[in-house]
């Protein structure tokens, strides 16, 4: 029976409710192909990224022996990890490496990117030149820098001696080993960051610079009042991403120094690796992995907040 | 009706055939066992040895129909490969491991006890009973020793000659060692008198030798408890000696941060006059770097100072173990592979045949090894003859006097968590004294000793 209300509302109110199946079919017909293309990537990340992360949460609370059933041990792994006398050393080294990497590895790409952008000629050449270290295979990179750091015949000490300066022990001294690794890491990776900065710089309107030039602003004033404010969102994001990335440093100390000399380059990530793959203490590796994960998660939350700031700036 | 009856008979006949075939499949599968056996990684210095292994596989399969061998390139040089393979159940069913690995492998139930197999093995009493000791765990034997070593020194004879250094005597001392190192060092040419391993666990392994030579110990068992004792005056003397080699006498390589392979590459490229070696290091120098074996001499470890000083080197070796994750049928097959041609005529013949492989590959069988058999076992003399007849490729090391004395200088590795002790506690102390002239060996060892006691030995049940 048709009600008065239906008569007043008109024919629209009389449209039948569509069954769920047909809604689903409609959506699939719209988005199905796109979902299909996403499926391989989703499967890849699910299997190789998310599943191991989730599994690690269980591993941290177990005594796991590869090939055998795991045993639940509660917080025992966390207690053992936090009681490891090497952990404070590793945390200190990791924070120091991160701090140095941000100090050197942040300023260098920024200055390089701005400098190359300011060039009138040869931009393409320098853009290529600074990116070259990124495409060197890792093993070649490490062999090259081992030679450079050699205290007796290495190129760095030869350069220092040429200028009448004393050579350094580089990787062989606890005082200089970490800084040496930062130097190598910065050299290998600054090109990518510099290129990203240059891409952001190319988005700044030329008219702003022209207007500033007309008003008599020199290079430094143009950088200070136009370039840096425009780059601020990019700087913020890259800074935080670099922070998260460098906190997970492992490859450089593992290959170049073995964590020495005297644990001077032992990092948290390297400890995790040793727990798992040298001592078969997978539970402890999982526990320390979770602690690092929580710490990095907090940093990521800061990064997300930073992203919102960027969006506000763009608007 | 007739058609229906024919159809029914046809269907029944087919079903019967299918059931019979299906019942045969597990029987056929059960008759064939796939055994994962170790073969060396495909590198330059393994070529000849791998060929020998492949030929042995052929003979084994011919003698054991129903067992198919699947070579798994693997070498127990780093543990993580084994852990990953165990987790994925692709580890070899029988493998050879270091003498220090018993507690790790048996404690985690990754290997099976072999007592029941040994009871029925006709060669069980050929083996020196003490040779089993590194792989006894909770009263059971978990490994069969097949080669042993006692660490000693290998030196470059040509360098010694050129620098007027007499070759080491059987009872040389730290002073003689130091004198040789100083005379052979040439800073301008980048030649070091002595190149120790200092990186990772190898650094701790090196210091352990020096501690033993100085008269010290790493771990002792007292009053029902394991005690760390590497903070003793003897251990401090050992670390001080290493420190002096760097800062006082300057006989170490400029880049002293060297691991196992680095040291033998340095030696093989004639940039160091002396290195410690156990067994396989010289293989890198000879087959990897092309060093002439005639230029390599061997010497007992030098005697440390003072009344407690002794000539001592770490004793180790390799043991055959069987994977506990394998099925019982595969474990039985693994035992057959383990004992196949082991120390018998066929083994001697295979050794003789291998000489041809080494000649063809232009390589040497360079490793040093002790066979853990009693001297009167039939195998020992036969083997010695093969080495004599093929001395151009099958290398023997040391005079009779050297070989007689070497076992007397043997000292077993620390029984509890040796690899952890080496890598986490002793190696950092080594690196500290080599990287900082002001480092205090006594303080470093006191601190490391206390931590190792607290974090590891106090937790041993």
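FYI, it's all coordinate maths here, none of it is from the lab. Quick caveat, the model's predicted, so the values are computed rather than measured. Glycine also receives a Cβ, built like all others from the backbone with ideal geometry; neighbour counts cover every protein chain displayed.
The long axis of helix A:268-277 is offset from the longest Cα principal axis of chain A by roughly 80 degrees.
Taking a ≥ b ≥ c as the square roots of the eigenvalues of the Cα gyration tensor, segment B:355-419 is prolate, since a/c reaches 1.5 or more and a/b is larger than b/c. Protection proxy ranking of B:241-249, B:206-214, by the mean of other Cβ atoms within 10 Å over each peptide's residues and highest first, is B:206-214, B:241-249.
Each peptide among B:62-72, B:87-97 gets the average number of other Cβ atoms lying within 10 Å of its residues, and from highest to lowest they stand as B:87-97, B:62-72. Shown for B:218, B:184: other C-beta atoms within 10 Å of each C-beta, ranked fewest to most, produce the order B:184, B:218.
Looking at the square roots a ≥ b ≥ c of the eigenvalues of the Cα gyration tensor of the protein assembly as shown, which shape do they give, rounded for a/c under 1.5, prolate if a/b is larger than b/c, or oblate? Verdict is oblate for the protein assembly as shown. In segment B:233-282 the Cα-Cα distances spread across 10 Å bins starting at 0 as 23, 46, 29, 2 percent of all pairs.
Applying 1/(1 + (r/R0)^6) with R0 = 35 Å to the Cβ-Cβ distance of residue A:236 and residue A:70 gives a FRET efficiency near 0.25.
For A:29, A:168, the sequence from fewest to most other C-beta atoms within 10 Å is A:29, A:168. In plain terms, the chain from residue B:332 to residue B:11 could stretch by 111.3 nm, reckoned as 0.36 nm per residue minus the Cα-Cα distance. Under the classification rounded if a/c is under 1.5, otherwise prolate if a/b is larger than b/c and oblate if not, where does segment A:255-296 fall, given a ≥ b ≥ c as square roots of the Cα gyration tensor eigenvalues? Oblate, because a/c is 1.5 or more while a/b does not exceed b/c. Can you give the angle from 0 to 90° between the axis of helix B:441-455 and the longest principal axis of chain B, with both taken from C-alpha atoms, to the nearest 10? Around 30 degrees separate the two axes.
Legend: calculated FRET efficiency, residue A:85 to residue A:129, from the Cβ-Cβ distance at R0 = 56 Å, rounded to 0.05, equals 0.80.
Per-residue shielding of A:260-268, expressed as the average number of other chain Cβ atoms within 10 Å of the residue Cβ, stands at 6.
For the peptide A:171-181, the mean number of other protein chain Cβ atoms found within 10 angstrom of a residue's Cβ is 2. Helical content of chain B, expressed as a calculated mean residue ellipticity at 222 nm, amounts to -13000 deg cm²/dmol (DSSP H runs of 4 or more residues, -39,500 (n - 2.57) each, divided by residue number, nearest 500).
Quote the relative contact order of chain B in percent (integer), defining contacts as alpha-carbon pairs under 8 Å separated by 6+ residues. Result for chain B is 23 percent. Convex hull volume of the C-alpha atoms in chain B, normalised per residue: 186 Å³.
Where the centre of each part is set by its Cα atoms, how far does segment B:404-443 sit from segment A:76-153, in angstrom? Here the answer is 33 Å between Cα centres. Whole angstrom only: what separates the Cα centroid of segment A:206-239 from the Cα centroid of segment B:114-189? That distance is 69 Å.
Going from the fewest other Cβ atoms within 10 Å to the most, the residues B:357, B:186, B:400, B:171 appear in the order B:400, B:171, B:186, B:357. Report note on the peptides B:313-326, A:223-236: ranked by the mean count of other C-beta atoms within 10 Å, highest first, their order is B:313-326, A:223-236. For chain A, the longest principal axis of the Cα atoms and the long axis of helix A:138-149 meet at an angle of about 30 degrees. The ellipsoid that matches the Cα gyration tensor of chain A has semi-axes, each √(5λ) in whole angstrom, of 46, 37, 17, with the longest given first.
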